[in-house]
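Read through the structure below, which is laid out as structure tokens, and then see the notes.
The values are calculated or read from the model by the stated rules, or taken from the named source; none is laboratory data. Remember, it's a predicted structure, so these values are computed and weren't measured experimentally. Cβ sites come from the backbone with ideal geometry, for glycine too, and all protein chains shown count toward neighbours.
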Amino acid sequence: MNNQNKSLLARLLSRSANIEPNEMPAVIAAFILFFFIFAGYFAVRPVRETAGTILGRERVAHLFLVTWVTSIAIVPIYGWLVARVRRSVLLPFIYGFIAVALALVGLVLKSDPENVHSMQFFYVMISVLNLFMVSVFWSFLLELFNKEQAKRLFGAIAAGGTAGALVGPALTTLFVKQIGNTGVLFMGASMFVITILCQRTLINIWRGSGAGTAGAGGSDRPLGGNPFAGFTALLKSPYLLGISCFIVLLATATTFLYFEQLRIVSDTFHDKETRTRVFSIIDTVVQTLTVVFQLFLTGRIAQRLGVIALVTFVPVLMVAGFIGLALTGTFAVLVTVMILRRVGEYAFIRPGREMLFSTVDNETRYKVKNLIDVTIYRGGDAISSQVQDALGNAGWAPAFIALLGAVLAALWALVGVFLGRMYHKDKSAVGGVRPAVGHT
């Protein structure tokens with residue numbers, strides 16, 4: 001395919017990563033699917049943040065525990081479905097379920113926008129689903145592409161999600177005053193309807209028409225096995241336990257900053273729609289920076305410096321960020337640290353941690369990965385929220401909590417180094433997991 005016959009998106013992706021011609025259809029389909037997943041989620045995310053400011057810090061801390069319990073319950077259910085349902089049926093169904101759920105929540109909140117129980121339900125639902133749907137997406141991508149392809153292509157594909165995460169909050173910023181928070185939920189639901197069509201296209205490529213991918217002509221049979229297999233496989237593998245530790249520390253850093261965000265935004269902005277708009281603007285800034293990094297830096301860093309660089313850059317940066325918060329404690333510093341953390345997570349950590357799973361088999365990708373991405377992550381959220389709430393109630397000053405965050409970020413970086421070294425060893429050294437099947 002010469003450049004004259006390429007679409008604008010294909011030309012852009014060709015410049016951002018080393019994509020072989022026979023890989024391009026799968027990369028484009030994955031890019032567009034991830035775009036609509038993130039556009040839908042990030043359109044409604046500011047509504048969740050606004051609900052959090054209304055519910056208050058104490059209720060939100062309790063909701064983190066509820067979210068964790070819900071995420072524990074969803075893992076064996078998903079494991080049972082993966083074991084018994086073809087992925088060509090299951091994956092589009094998941095996105096359809098999210099679309100219906102968002103629409104139903106929008107209808108409930110439209111009739112009673114101040115209902116605390118409705119806001120709590122929505123907060124928990126979206127907090128579980130946002131991690132779950134992204135984990136499902138990357139599980140399938142890891143089946144579609146092999147380890148070598150993942151290093152080259154995942155940065156460019158991740159940029160599709162970031163572009164969607166840029167468009168989603170931008171639409172919310174533009175229209176929330178006219179359509180209200182419930183209208184934003186309906187808008188997000190419509191985007192997830194589109195993801196169903198995108199997933200079907202990508203599945204067709206995977207099932208035989210996508211030459212050049214590890215999963216071309218892949219089997220659509222249910223994976224079988226025990227729905228609780230993810231728990232036992234996790235406990236047997238030092239590598240997977242290391243990834244779990246990495247995720248817990250990531251969640252801890254995120255939660256420490258999140259509660260400061262709730263406090264400061266609540267004190268600064270009193271109108272609900274204005275809060276939603278502020279959160280949308282922050283999201284827009286984050287995603288604008290991230291998409292540039294993903295398109296032009298992530299893949300090149302992964303190929304030249306390795307996965308270690310991707311998974312340790314942000315933790316090191318967060319050490320400095322938490323120290324800065326301890327010294328100043330200003331809104332400007334908080335926002336700067338939040339933006340740097342989120343840009344770094346989307347541009348470097350997320351692709352890096354997905355690459356870590358490119359060495360494992362399909363059952364691990366669907367059962368253990370989902371356990372780590374959802375249950376372990378939300379467990380880290382729940383524990384760190386309770387710790388931070390307890391420290392605040394015990395009279396700890398924000399500066400001391402920030403210094404504790406710096407120590408934990410340093411530990412986070414060390415875990416990243418450990419995982420990166422194991423990843424770059426022979427696949428047999430990963431510990432209890434098998435390499436993906438695919439061309440080399």
> Which one of Ala332, Ala253, Ala326, Ala320 is at pLDDT 80 or above, of a type in the set (A, V, I, L, M, F, W, C) and surrounded by fewer than 19 Cβ atoms within 10 Å (Cβ to Cβ)?
Replying inline: Ala320
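Per-residue answers, yes or no, for (1) over 25 Å from Glu58 (Cα atoms); (2) crowded, with 24+ Cβ neighbours inside 10 Å; (3) among the β-branched types (Val, Ile, Thr); (4) touching a helix residue (DSSP H, G or I) at 6+ places or on another chain (Cβ under 7 Å):
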position	(1), (2), (3), (4)
Ala347	yes, yes, no, yes
Asn362	yes, no, no, yes
Thr375	no, yes, yes, yes
Asn393	no, no, no, no
Phe418	yes, no, no, yes
>> Please determine whether any residue of segment 194-210 is modelled with pLDDT of 85 or more, in contact with a Pro (Cβ under 9 Å, 6 or more places away or on another chain), surrounded by fewer than 20 Cβ atoms within 10 Å (Cβ to Cβ) and among the charged types (D, E, K, R).
In response: yes
> Limited to segment 105-120, what total is found for residues that are surrounded by 14 or more Cβ atoms within 10 Å (Cβ to Cβ) and outside any helix (DSSP H, G or I)?
Replying inline: 1
> Take the residues of segment 16-41 that are among the β-branched types (Val, Ile, Thr) and buried (at least 24 other Cβ atoms within 10 Å of the Cβ): which is farthest from Gly106 (Cα to Cα)?
Replying inline: Val27
> Can you pull out the residues in segment 274-299 that are free of Cβ contacts under 8 Å to residues at least 60 places away in the same chain and farther than 15 Å from Val47 by Cα?
Replying inline: Val285, Leu289, Val292, Phe293
> Before we move on, is Phe38 part of a helix (DSSP H, G or I), closer than 30 Å to Phe269 by Cβ and in contact with a helix residue (DSSP H, G or I) (Cβ under 7 Å, 6 or more places away or on another chain)?
Replying inline: yes
>> Among the residues that make up segment 364-375, is at least one of them part of a helix (DSSP H, G or I) and within 23 Å of Thr288 (Cβ to Cβ)?
In response: no
> Considering only segment 82-100, how many residues are free of Cβ contacts under 8 Å to residues at least 40 places away in the same chain and touching a Leu at 6+ places or on another chain (Cβ under 7 Å)?
Replying inline: 1
>> What are the pairs with Cβ atoms under 8 angstrom where one residue, in segment 28-55, is under 25 Å from Ala17 (Cα atoms) and the other, located anywhere, is outside any helix (DSSP H, G or I)? Sequence gap at least six, or different chains.
In response: Ile28/Ser7
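Given the structure, is Ala103 more than 21 Å from Trp138 (Cβ to Cβ), small (Gly, Ala, Ser) and under 20 Å from the mean Cα position of the chain (by Cα)? First the steps, then the outcome.
Details: more than 21 Å from Trp138 (Cβ to Cβ): yes; small (Gly, Ala, Ser): yes; under 20 Å from the mean Cα position of the chain (by Cα): no.
In short, no.
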> Scanning segment 84-99 for residues that are charged (D, E, K, R) and either closer than 17 Å to Ser135 by Cβ or outside any helix (DSSP H, G or I) (or both), which turns out nearest to the chain's Cα centre (by Cα)?
Replying inline: Arg87
> Given the conditions (1) within 23 Å of the chain's Cα centre (by Cα); (2) modelled with pLDDT under 75, which single one is not true for Gly225?
Replying inline: (1)
>> Out of Lys367, Lys425, I need the residue that is of a type in the set (Lys, Arg), without any contact (Cβ under 8 Å) to a residue 24 or more places away in the chain and under 25 Å from Glu143 (Cβ atoms). Which one?
In response: Lys425
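With Tyr239, Tyr258 as the choices, which residue is part of a helix (DSSP H, G or I), within 27 Å of Asn181 (Cβ to Cβ) and modelled with pLDDT of 75 or more?
Values: Tyr239 fails: within 27 Å of Asn181 (Cβ to Cβ).
Step by step, each of Tyr239, Tyr258 is checked, and only Tyr258 is part of a helix (DSSP H, G or I), within 27 Å of Asn181 (Cβ to Cβ) and modelled with pLDDT of 75 or more.
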